[in-house]
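Engineer: Before I ask anything, here is the structure I am working with.
The values are calculated or read from the model by the stated rules, or taken from the named source; none is laboratory data. None of these values were measured; they are calculated from a predicted model. In this analysis, Cβ positions are derived from the backbone assuming ideal geometry, glycine residues included, and neighbour counts consider all displayed protein chains.
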Amino acid sequence: MITLRKALVTALLVCALFLGNLPAAPAQELNGEDASGSEGTGLAIYTFFVNIIHEPFRFPLIGFVNIFRGNHTFPQIGFVNWNTGDFSPWQFGFVNTAGGDLNGTQTGFVNTAIGDTSGLQFGFVNTTRSFSGAQIGFVNTVSQESRGLQLGFVNTSVQTLTGTQIGFVNFADSIEDGLPIGFISIVRHGGFRAVEYSFSEFFYFNVGLKLGVEIFYTTIFAAYNSVTEFDAEYFAIGLGFGTIIPITGSFFFNPELNSMSAFMNGGNRQFLSFVPYVGFNISQRLSIAIAPSVTWVRTETDSLPSPSFSMMEHSINESNSIVVGARAALRFRF
């Protein structure tokens with residue numbers, strides 16, 4: 001065992017000495033070139049702890065800190081991986097940076113590509129200039145065009161979105177054949193933003209905020225259903241999603257699926273509704289919509305809530321019922 005250990009240490013020292021005497025660029029080098037524009041020479045360091053190498057170098061970088069000056073086409077594995085030029089195929093570490101284009105994969109806590117990305121960034125924070133591929137993380141940011149998939153808690157495309165965003169919060173400056181799907185999706189140019197007042201068979205006063213794009217948007221609801229007294233038991237909150245399909249002229253078809261929760265009479269009550277709205281655009285910003293509705297009501301108490309009006313009620317059991325009612329809404333786009 002001792003002989004094997006000594007042999008391994010000797011081999012590593014020989015490898016380090018050999019790689020440490022490779023030609024490398026001087027301190028003034030930038031992306032593999034010196035200040036005069038010609039390739040420089042200098043000392044390379046490869047110690048398996050701190051590696052500072054310049055191109056051409058056709059081997060992986062494996063160490064705690066890996067710094068490569070120029071373009072590299074072999075894996076980099078370490079705590080910090082920094083490449084000043086274009087990079088492929090894979091950086092694996094806590095912090096990964098490609099100073100040029102990334103054509104491959106970055107896997108780490110923070111992944112950054114200064115240029116364009118064609119591939120995958122997988123980490124807590126992912127940033128790049130423009131990309132086609134996938135960003136999967138808690139925060140995903142593209143400073144120009146996003147043509148792939150962003151999957152995370154917060155997704156931003158500072159310029160054009162032509163791909164898909166799936167997250168809790170999505171933002172894009174403009175959209176072109178793209179689709180944001182999330183709790184809050186904001187598109188500055190070409191998006192759908194509206195406030196809505198509506199009434200239903202269970203709630204007289206409903207206020208909703210709609211965000212997204214017409215093909216898919218989400219709605220955050222707040223509702224109140226008493227006209228005789230003010231009590232917190234009559235409040236409800238909810239979330240829904242829908243799509244707007246043009247029919248002809250100013251008419252549109254607008255199916256929605258909404259879910260609301262209310263703490264009425266001391267118990268939690270759920271309202272899951274399908275509403276196939278048919279609407280009319282009064283102006284560019286103002287529209288109205290009406291529709292029948294089908295609502296599944298579920299309660300944790302022994303008594304089911306009664307609608308203010310309905311076309312049909314069917315009791316499934318003591319805790320569940322189906323109610324067919326009607327809805328009307330007035331919307332203002334902003």
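Engineer: Provide a single number: the residues in segment 166-176 that are touching a Gly at 6+ places or on another chain (Cβ under 9 Å) and either among the acidic types (D, E) or in contact (Cβ under 8 Å) with a residue 24 or more places away in the chain (or both).
Structural biologist: Result for segment 166-176: 4.
Engineer: If you take the residues in segment 199-222 that are at pLDDT 95 or above and of a type in the set (S, T, Y), which one is surrounded by the most Cβ atoms within 10 Å (Cβ to Cβ)?
Structural biologist: Taking the candidates together, the pick is Y217.
Engineer: Could you list, ordered by first residue, the pairs with Cβ atoms under 6 Å in which the first is in segment 188-203 and under 15 Å from I244 (Cβ atoms) and the second is modelled with pLDDT under 95 and surrounded by fewer than 15 Cβ atoms within 10 Å (Cβ to Cβ), at least 6 apart or interchain?
Structural biologist: R193/F334
Engineer: So, one more: Working only within segment 273-321, note down all residues that are at pLDDT 95 or above, over 20 Å from F251 (Cβ atoms) and of a type in the set (V, I, T).
Structural biologist: Across segment 273-321, the qualifying residues are V294, T295.
Engineer: Still on this structure, I have one more. Consider G152 carefully, then state whether it is modelled with pLDDT of 95 or more, surrounded by 24 or more Cβ atoms within 10 Å (Cβ to Cβ) and either more than 27 Å from Y217 (Cα to Cα) or of a type in the set (F, W, Y) (or both). Break it down into steps so the answer makes sense when it comes.
Structural biologist: Values: modelled with pLDDT of 95 or more: yes; surrounded by 24 or more Cβ atoms within 10 Å (Cβ to Cβ): yes; either more than 27 Å from Y217 (Cα to Cα) or of a type in the set (F, W, Y) (or both): no.
No: the conditions fail for G152.
Engineer: Tell me which residues, restricted to segment 283-334, are in a loop (DSSP other than H, G, I, E, B) and free of Cβ contacts under 8 Å to residues at least 12 places away in the same chain.
Structural biologist: Going residue by residue through segment 283-334, those that are in a loop (DSSP other than H, G, I, E, B) are 283-285, 300-311, 316-319, 334.
Passing the criteria: S283, S306, I316, N317.
Engineer: Only residues in segment 50-75 that are more than 16 Å from G93 (Cα to Cα) count as the first member; pair them with residues that are part of a loop (DSSP other than H, G, I, E, B) and among the β-branched types (V, I, T), Cβ under 8 angstrom, at least 6 apart or cross-chain, and list the lot.
Structural biologist: R58/T73; R69/T84; G70/T84
Engineer: On the basis of being touching a helix residue (DSSP H, G or I) at 6+ places or on another chain (Cβ under 9 Å) and at pLDDT below 90, does N225 make the cut?
Structural biologist: Working: touching a helix residue (DSSP H, G or I) at 6+ places or on another chain (Cβ under 9 Å): yes; at pLDDT below 90: yes.
It is true that N225 is touching a helix residue (DSSP H, G or I) at 6+ places or on another chain (Cβ under 9 Å) and at pLDDT below 90.
Engineer: Taking A329 as the residue in question, decide whether it is under 32 Å from the mean Cα position of the chain (by Cα), modelled with pLDDT under 90 and either more than 22 Å from F216 (Cβ to Cβ) or not basic (K, R) (or both).
Structural biologist: Numbers: under 32 Å from the mean Cα position of the chain (by Cα): yes; modelled with pLDDT under 90: no; either more than 22 Å from F216 (Cβ to Cβ) or not basic (K, R) (or both): yes.
For A329, the condition - under 32 Å from the mean Cα position of the chain (by Cα), modelled with pLDDT under 90 and either more than 22 Å from F216 (Cβ to Cβ) or not basic (K, R) (or both) - is not met.
Engineer: Something else: Kindly check whether there is at least one residue in segment 217-225 that is within 23 Å of Q135 (Cα to Cα) and assigned to a strand (DSSP E or B). Spell out the reasoning first.
Structural biologist: Initially, segment 217-225 is screened for residues within 23 Å of Q135 (Cα to Cα), giving 217-218.
Those still in the list that are assigned to a strand (DSSP E or B) too: 217-218.
Scanning segment 217-225 turns up at least one residue that is within 23 Å of Q135 (Cα to Cα) and assigned to a strand (DSSP E or B).
Engineer: May I pose another question? So which of G167, G137 is at pLDDT 95 or above and either in contact with a Lys or Arg (Cβ under 9 Å, 6 or more places away or on another chain) or under 20 Å from I215 (Cβ atoms) (or both)? First the steps, then the outcome.
Structural biologist: Working: G137 fails: either in contact with a Lys or Arg (Cβ under 9 Å, 6 or more places away or on another chain) or under 20 Å from I215 (Cβ atoms) (or both).
On inspection, the qualifying residue turns out to be G167.
Engineer: Out of curiosity, is L272 without any contact (Cβ under 8 Å) to a residue 24 or more places away in the chain, in a strand (DSSP E or B) and among the aliphatic types (A, V, I, L, M)?
Structural biologist: Values: without any contact (Cβ under 8 Å) to a residue 24 or more places away in the chain: no; in a strand (DSSP E or B): yes; among the aliphatic types (A, V, I, L, M): yes.
So L272 does not fit the description; no.
Engineer: Could you tell me whether V142 is at pLDDT 95 or above, crowded, with 19+ Cβ neighbours inside 10 Å and among the hydrophobic types (A, V, I, L, M, F, W, C)? Steps first, answer last, please.
Structural biologist: Details: at pLDDT 95 or above: yes; crowded, with 19+ Cβ neighbours inside 10 Å: yes; among the hydrophobic types (A, V, I, L, M, F, W, C): yes.
Yes: the conditions hold for V142.
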